[in-house]
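As structure tokens, the structure follows; a few thoughts come after it.
The values are calculated or read from the model by the stated rules, or taken from the named source; none is laboratory data. If you're wondering where the values come from, they're calculated on a predicted model, not measured in any experiment. All Cβ positions, even for glycine, are placed from backbone atoms using ideal geometry, and neighbour counts span all protein chains on display. Side chains are part of the model used for accessible areas, which takes the heavy atoms of the whole protein and leaves out ligands, DNA and RNA. Shrake-Rupley method; radii C 1.70, N 1.55, O 1.52, S 1.80 Å.
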Amino acid sequence: MDKKFFIQALKYGIVGVANTLITALTIWIMMRWVFRVKGEEDVSSLVVSISNVIGFIAGLLNSFIWNRNWTFKSQKNWKIDFLKFMLAFIVCFIPQLLLVVLLNKYAAIPSFKFHWMQNEYLITSAYICQLIGIVFYTTLNFLCNKYYAFKK
């Protein structure tokens, strides 16, 4: 692996942590406060999908700005970069969303509780499925951005 690839992967990872926090927090807000998912009950595919789409849009905007300007240092027209970035997003997002919906519907992922600062939190399988989808998407999207959207 060459030095430039490693540095870009590291920067992408840093931006990715911010994107993951933005995406996961937005998904959590949507599921917890908008759709009122509180317990271990089955969560519909519609709730999972809507929460996922809105969360990824929030992360997407942050990702484009930081990755274009800092990670890949693109000097091309931002409109062309954005179109390519959006195509890469779609190519990565659709299989990610299918994975999340299928995992949520068919995988036997256990929920767990934890305590923090005198509060109890429940992490349901629906949230865990979302996190698995984020990891899958991030890996695939780095490769699409490096070799397509922001290719020199």
Number of the condition not met by residue 88 [criteria: (1) over 20 Å from residue 22 (Cβ atoms); (2) assigned to a helix (DSSP H, G or I); (3) of a type in the set (A, V, I, L, M); (4) open to solvent by less than 60 Å² (accessible area, probe 1.4 Å)]
(1)
Quick one: residue 56 ticks every box in (1) open to solvent by less than 20 Å² (accessible area, probe 1.4 Å); (2) at pLDDT 90 or above; (3) of a type outside the set (Asp, Glu); (4) under 14 Å from residue 19 (Cβ atoms) except a single one, so which number is it?
(2)
If the Cβ limit is 7 Å and pairs must be 6+ apart or interchain, which residue in region 106-118 that is closer than 19 Å to residue 38 by Cβ pairs with which residue that is part of a loop (DSSP other than H, G, I, E, B) and open to solvent by 90 Å² or more (accessible area, probe 1.4 Å)?
111/40
Out of region 103-142, which residues are closer than 29 Å to residue 91 by Cα, part of a loop (DSSP other than H, G, I, E, B) and open to solvent by 90 Å² or more (accessible area, probe 1.4 Å)?
108
Applying the selection to region 1-37, what residues are open to solvent by 30 Å² or more (accessible area, probe 1.4 Å), over 20 Å from residue 63 (Cα atoms) and touching a residue at least 24 places away in the same chain (Cβ under 8 Å)?
none
Looking at (1) more than 10 Å from the chain's Cα centre (by Cα); (2) more than 22 Å from residue 113 (Cα to Cα); (3) β-branched (Val, Ile, Thr), find the lone condition where residue 57 falls short.
(1)
Return only the number of the condition from (1) more than 25 Å from residue 150 (Cβ to Cβ); (2) out of contact with any Ser or Thr (no Cβ under 9 Å at 6 or more places or on another chain); (3) part of a helix (DSSP H, G or I) that residue 36 does not satisfy.
(3)
Every residue in region 72-85 that is touching a residue at least 40 places away in the same chain (Cβ under 8 Å) and part of a helix (DSSP H, G or I), please.
81, 84, 85
Residues located in region 93-124, provided they are closer than 23 Å to residue 58 by Cβ and touching a helix residue (DSSP H, G or I) at 6+ places or on another chain (Cβ under 8 Å):
93, 95, 96, 97, 99, 100, 101, 103, 104
Give me the pairs, please: first residue somewhere in region 135-151 and within 12 Å of residue 74 (Cα to Cα), second residue anywhere and among the acidic types (Asp, Glu) and at pLDDT 90 or above, beta-carbon distance under 7 Å, and either six or more positions apart or on two chains.
149/81; 150/81
